[in-house]
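Every number in this text was worked out from the coordinates using simple rules, so none of it is lab data. Note that the structure is a prediction, hence the values are computed from the model and not measured. Because the Cβ atoms are built from the backbone with ideal geometry, glycine has one as well, and the counts that use them run over all protein chains shown.
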Amino acid sequence: MDLGIAGRRALVFGGSKGMGRACAHQLAAEGVKVFLAARTETTLAAAAAEICAATGGAVSYVVADITTDAGRAAALAACPAPDILVNNADGAPPGDFRQWTPSDWHAAIDAMMIGPIDMIRRTVDGMIERRFGRIVNIVSRSVKTPQLELGLSNGARSGLVGFVAGLARQTVRHNVTINNLLPGVFATDAQRHHIEGMLESTGKSFEQLWNERGTSNPAGRYGRPEELGALCAFICSGHAGYICGQNILIDGAAYPGTF
Ligand SMILES: NC(=O)c1ccc[n+]([C@@H]2O[C@H](COP(=O)([O-])OP(=O)(O)OC[C@H]3O[C@@H](n4cnc5c(N)ncnc54)[C@H](OP(=O)(O)O)[C@@H]3O)[C@@H](O)[C@H]2O)c1
């Protein structure tokens, strides 16, 4: 299927690793001009070169931290007027809410709520004027199924999803969609760090926890980043203008409800 987005411009935060990188790869394979944004130049440069070599696409990168005003401005200086925006960054470490201070909460909200909302603020009106826009937020299943040890993520991400629910209803008539992808367990560095953070509280080894999380999923495995990348590319496609304001689980059927 031709996704109908060749020649469009995409700004992909967290595009140097994991699921963001997989989104960038898939978009580049569809002929989209991709700009990767993240904080570390070495991994950005390597990802850009590898995606370029694998897809033959046009891939650039910019060092930019989505949690800062300067980072968001730098990303848009590199890629003014993106047609596609993928909001994505770090989560927050697991823990007990009794130990979290207001500054822990502010850091979580900057990364998972305010950064993405400010990127939407800076880009959505241009998309409306051009009558095409696709905004995808990589969120987490935690907004549907709270992860007990991830209170910072449960709380901050719910703020983003709640905000998007209202705005998406105002943009869709202009062919500008905003959707949230809710991954379950994916085999990425973030997942490895998450498990490392659980070693002490569980007393289990890394290998034991890693295997338990994968095999206890109904699919019997972790998600592959390229599976989410393909979903993202379709949601960004010309065919997906009627899919808007949705929270789309991609979790190997781990969510236990019927709806
Ligand atoms: N993996 C899972 O199972 C899973 C499940 C549910 C939700 N999630 C969430 O999905 C998102 C992506 O996860 P992942 O597994 O793909 O992570 P990952 O492999 O660790 O990649 C994270 C990417 O985001 C970039 N990044 C981090 N902080 C940033 C910031 N402040 N500004 C700009 N870029 C930033 C990283 O590069 P730099 O560090 O160089 O900036 C990297 O490119 C995270 O929010 C994660 O919590 C993951």
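Data for the structure
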{"item": "Enumeration of residues in the stretch 218-259 that are hydrophobic (A, V, I, L, M, F, W, C) and under 10 Å from ALA22 (Cβ atoms)", "result": "LEU228, ALA230, LEU231, CYS232, ALA233"}
{"item": "Any hit, the stretch 81-103, residues being farther than 30 Å from MET198 by Cβ, more than 12 Å from the ligand (Cβ to nearest atom), out of contact with any Gly (no Cβ under 8 Å at 6 or more places or on another chain) and hydroxyl-bearing (Ser, Thr, Tyr)", "result": "no"}
{"item": "Residue count, the stretch 1-50 (criterion: farther than 27 Å from ASN175 by Cβ, outside any strand (DSSP E or B) and either of a type outside the set (Lys, Arg) or without any contact (Cβ under 8 Å) to a residue 12 or more places away in the chain (or both))", "result": "13"}
{"item": "Residue list for the stretch 176-218, restricted to those being within 12 Å of the ligand (Cβ to nearest atom), part of a helix (DSSP H, G or I) and among the aliphatic types (A, V, I, L, M)", "result": "ALA190, ILE195"}
{"item": "Pick from the stretch 126-163, criterion touching a residue at least 60 places away in the same chain (Cβ under 8 Å) and in a loop (DSSP other than H, G, I, E, B), ranking: surrounded by the most Cβ atoms within 10 Å (Cβ to Cβ)", "result": "VAL139"}
{"item": "Breaking point among (1) assigned to a helix (DSSP H, G or I); (2) in contact with a Ser or Thr (Cβ under 9 Å, 6 or more places away or on another chain), for GLY245", "result": "(1)"}
